[in-house]
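Input: a single structure, listed below in structure tokens.
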Amino acid sequence: MSEVEDLYQEMILEHAKRPRNFGPLDGHSHHAVGRNALCGDHLKVYLILDGDLVKDIHFEGDGCAVSKSSASLMTEALLGKTVAEADALFAKFHAVVTGQPDASADGLGKLAVFSGMSKFPVRVKCATLSWRTVQAALHQKSDPVSTE
């Protein structure tokens, strides 16, 4: 494994063990629930929007290291973003983790740690669950999100 891959793995494990913005969020204006039936991941995402701006974001739930670290890093990346910026970041993240042609991790910052997920298609669902759930929350979709 290369030094970069070692660093990426270390960051994923760190965020899985000590997730940022973990726990309920009092006074949230938006929320959604997501499940990955394949591996049992489940989470809730809570947001406080100030107009179109993500003022605060938290998540809670249980899941594998990829799922939990993706949610943790996502909350850091989306804080202070507009809904349009969050949508664009999800589209870029999704393109990279699914290995779409011409997708680049440039501009993803710490989220680039997931760029190798395309080699593990089953893990893509783990990495994108929190993102699909936050999309549902941002756009006030009431049905639970499922990766199936």
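Only the coordinates and a few stated rules stand behind these numbers; no lab work does. Small disclaimer: the values here were computed from a predicted structure and weren't measured. FYI the Cβ positions are ideal-geometry reconstructions off the backbone, even for glycines, and counts take in every protein chain you see.
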Of all residues in the range 105-130, which are in contact with a Gly (Cβ under 9 Å, 6 or more places away or on another chain), under 12 Å from M74 (Cβ atoms) and not hydroxyl-bearing (S, T, Y)?
L129
Reported set for the range 46-72 where residues are in contact with a Lys or Arg (Cβ under 7 Å, 6 or more places away or on another chain), in contact (Cβ under 8 Å) with a residue 60 or more places away in the chain and part of a helix (DSSP H, G or I) is V66
Filter the range 49-84 down to the residues that are surrounded by fewer than 21 Cβ atoms within 10 Å (Cβ to Cβ) and basic (K, R), then identify the one that is farthest from G23 (Cα to Cα).
K81
Using beta carbons and a limit of 8 Å, which pairs, at least six apart or on different chains, have the first residue in the range 83-101 and touching a residue at least 12 places away in the same chain (Cβ under 8 Å) and the second one of a type in the set (F, W, Y) and part of a helix (DSSP H, G or I)?
F90/W131; F93/F114; F93/W131; H94/W131; V96/F114; V97/F114
Looking only at the range 29-45, how many residues end up being outside any strand (DSSP E or B) and either of a type in the set (K, R) or under 23 Å from T147 (Cβ atoms) (or both)?
4
For the range 108-125, does any single residue satisfy the condition of being free of Cβ contacts under 8 Å to residues at least 40 places away in the same chain, surrounded by fewer than 21 Cβ atoms within 10 Å (Cβ to Cβ) and at positive phi?
yes
Being closer than 20 Å to A16 by Cα and free of Cβ contacts under 8 Å to residues at least 40 places away in the same chain, is that true of even one residue in the range 28-43?
yes
